[in-house]
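*Asks:* Pasting a structure below so you can have a look.
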Amino acid sequence: MQEIFKKLDLLDYIDSFSKLLAREKSIIMEGDINLHFRLINELSNFDLKEPPKVANLDNALLHIQKQGVLKIYEIYEFIKIIDYFNYLKKFSFEGKLAEWIDRIVIPAEVLNICNYFDEKSNLKSGINEDYDAIGEAIYRNKQEIKQNLYKIINSSKLRSYLVDSQVHYINQEECILVRGGFNHILKATVINRSNSGFFYVVPHSVSTLKQKQSDLINKQEEILLKVCKEVSSLFEKNLLFLKFINKEFDRFDHYQARLFFAKMGDKNFILPNKKGKNKLVEFKHPALHDAKAITIDFSKSVVMITGVNAGGKTMMLKSILAATLLSKYLLPYYANKNTEVGTFKEITAVLDDPQSVKNDISTFAGRMVEFSKLFSSKSAIVGVDEIELGTDSDEAASLFKVIIEELIQKDIKIIITTHHKRLASLMAANDDVELIAALYDEENQKPTYDFLQGTIGKSYAFETASRYGIPHNVIKKAKVVYGEDKDKLNELIERSSALEIEYKKKIEKLEYEISEYERLNKNIKEQKESLDELIFEEKSKLHKEYKDARNEAKKAIKAKIAQGHQHLNIAHEKAKSIKTQKVQEIEADLKVGDRVKYRSSKGEIVSIKGKKAFIENDAGMKMQVLLSDLKRSGNIPKVKQKSSVTVQKPNTGHVKLDLHGQRADEAIDNLDKFISDALIAGFDEVLVYHGIGTGKLSFAVKQFLDKHPKVKRYTDAHPSQGGFGAKVIQL
């Protein structure tokens, strides 16, 4: 693993990620990458504190299994993990995240142990009375030592012998510094001498108090050992739970570290796909400072990168492999979210010169060894830098052409950098080959670090040599030796690249103009719809005003106002001239399947009968309307959600089952349900008690476990967990 990271210049990047982990471990996450991706996305919606730094507990778990007694600091490492999951349970998670956290059921007796210790892993006050009493005695004894030393230092008899009035710490002992002759005044033990010939001494009265303190500390350690034995015994009973939560902590640690890492520098997660689509969009290699973002499509089986020396060909190759590798392990990196990377089982980088005195192998022979391994690979992506390295270029071109074509048939994607024009020209006609050229700025005589797809690039060897200090007369002679015909070939390649660039610029300009036209056309349609709505509203208002006027006329008739009927008839005539129907754009050639709009509802034509049509709107309702009332709608219909089957989570999170006292058929039914629940809950190991008795129940359990497809293996439990009367089952 480290080797491939080193070849792709990712060591520092991986190291900076690893520092975010709560404890040292591999960056690889086992399990379904799609589930990991979903849980990470759900976690990103919450602002959680980082997991505590925790030691590796594999040896501690093994120690518990062997009925050993843990040290106080080892117990506290487990407490930190349990406390953190207890903290997570306070959040209102949803979806898969809620299912996962709910599955972690902390036994009450284990949770109670968390209350034994403070944040510095010391036993809290009130947990053990004897421990508290000795703690107070130790504190009083320390105060007595301090007072005794203070009294001696301030003694008038000893003052003439004191070098200073300070308390010194020599060899972890509290002492005072005195001159010779002190023994006439003070009884003390000399523990060291200063460079000036003075004596560091511990008064006998202080020594007595220190001995008492040592005895108290020993008693305190005895009580602490007793507490550790009790906790270790409790941990032994819950060994399967501790193994489970230790593993789940690493899983959560992976998620949180990746989220924190993604936020540092605005990186994105790119989930590998199985569609065969491979495209980097605005990717930046993390090893480059202020890197230039690259966009490249490498969906074809072979990507051949040619062009200028020192123009970024090797870094392009490393970028493709690096993005693939980081996606494989779900590590975020600098790229646009539209980046797509395929799924590959193997990622291989052939970048170095394999020649070595130790292995007695040539450059070309080493390359052949690397290529021979690829013929036994499947679903792999391999990057080869300077493929023609180490042998005759014409022979190599023919050989590598055939090798590459064979590897294409084996579903292997190959990324190649080369200056070999013959190999590039041989492969150019193959539809599975993508040509990419590193570009050169002729005017400024330097690489641009841009890339052009669909063409072969010129190496610019002479220009590069001149840029790095080779004399012009030497380069001129080299061009003569190189030959006029080959130089013309370079000119053709250069001209081809220039035409390709010009063509792409025109395409980009045309695409921009088309998008602008579509945008303006859309705006015009939206404006027309708005005007239609406005006209419809205004005519509706007029119609209402007419109604009001008609009502007034009716009132006038009832009041027997003269000529009332005549005015009412005139009002009716005016009403006929007011149309409340909405202005429509005449649509022609509507057919079944067209997207249409009816008033504020949008849908699709299901059938047409004469001047009427049946449409089904996006809400799923069907209606019959006039064809003349319909307008075209180019909007994409809403995608109906796919139905899904949800397996109900078991109500229990326990990893133990007791079958004592049950009949064989009843016990097997309960055991079957228990294993199903355990599999859904994600447990790797469970414990089943069946007892010894007559042996019938034990035999029935064994027969069932032998036939169960999800049982990997089972063994008799440890004597402390039931021995021959219980089975530890691995799923």
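*Asks:* With just the Cα atoms defining each centre, how far is segment 682-731 from segment 101-172? Give it in Å.
*Replies:* So the two Cα centres are separated by 49 Å.
*Asks:* How charged is the neighbourhood of residue 340? Take every other residue with its Cβ under 12 Å from the Cβ of residue 340, and add Lys/Arg as +1 and Asp/Glu as -1. Let's see the in-between values first.
*Replies:* On the way: positive: 274, 275, 277, 279, 337; negative: 297.
My count for the surroundings of residue 340 gives +4.
*Asks:* Students often get this wrong, so check it: of 237/696; 66/345; 318/410; 19/413; 25/300, which have C-alpha atoms separated by over 28 Å?
*Replies:* With Cα atoms farther than 28 Å apart: 66/345; 19/413; 25/300.
*Asks:* While we're on this one: If we count every other residue with Cβ under 12 angstrom of residue 293's Cβ, Lys/Arg +1 and Asp/Glu -1, where does the sum land?
*Replies:* Taking every Cβ under 12 Å from that of residue 293, the sum is -1.
*Asks:* Kindly rank 370-376, 75-81, 192-198 from highest to lowest mean number of other beta carbons found within 10 Å of each residue.
*Replies:* Values: 370-376: 13.7, 75-81: 21.3, 192-198: 11.0.
Highest to lowest by the protection proxy: 75-81, 370-376, 192-198.
*Asks:* Taking other Cβ within 10 Å of each residue's Cβ, how do 224, 8, 288, 659 sort, fewest first?
*Replies:* 288, 224, 659, 8
*Asks:* Oh, and also: Which net charge results when you count Lys and Arg as +1 and Asp and Glu as -1 among the other residues whose beta-carbon is under 12 Å from that of residue 544? Could you put the intermediate results ahead of the total?
*Replies:* Numbers: positive: 539, 541, 547, 550; negative: 537, 538, 545, 548.
With Lys, Arg at +1 and Asp, Glu at -1, the net is 0.
*Asks:* Which one, 145, 133, 182, projects farthest toward the positive side of the charge dipole computed for segment 129-224 from Cβ point charges (K/R +1, D/E -1)?
*Replies:* The one lying farthest along the dipole's positive direction is 182.
*Asks:* Per 0.36 nm of contour for each residue apart, how much would the distance between residue 658 and residue 4 grow if the chain were fully extended, relative to their Cα-Cα spacing? Numbers along the way, then the final one.
*Replies:* Details: separation 654, 0.36 × 654 = 235.44 nm, distance 4.95 nm.
Computed gain between residue 658 and residue 4 is 230.5 nm.
*Asks:* How big is segment 656-730 along each principal axis, measuring the range of its Cα positions in Å and listing the largest first?
*Replies:* The Cα atoms of segment 656-730 stretch 32, 27, 18 Å along the principal axes, largest first.
*Asks:* For residue 508 and residue 450 in one chain, what is 0.36 nm times their gap in residues minus the Cα-Cα distance, to one decimal in nm?
*Replies:* Values: separation 58, 0.36 × 58 = 20.88 nm, distance 1.62 nm.
Length difference between fully extended and current span is 19.3 nm.
*Asks:* Per residue, how big is the convex hull of segment 1-150 when only Cα atoms are used? Give it in Å³. The partial results should precede the final answer.
*Replies:* Working: hull volume 34.4 nm³, N = 150.
Each residue corresponds to 229 Å³ of Cα convex hull volume.
*Asks:* Also: Note down the nm distance, to one decimal, between modelled labels 7 Å out along Cα→Cβ at residue 89 and at residue 395.
*Replies:* 7.2 nm
All of the numbers you see were taken from the coordinates with simple rules; none came from a lab. What you are looking at is a predicted structure, and each value in this text was computed from that prediction instead of being measured. Methodologically, a virtual Cβ is constructed for each residue, glycine included, from the backbone with ideal geometry; neighbour enumeration extends over all protein chains shown.
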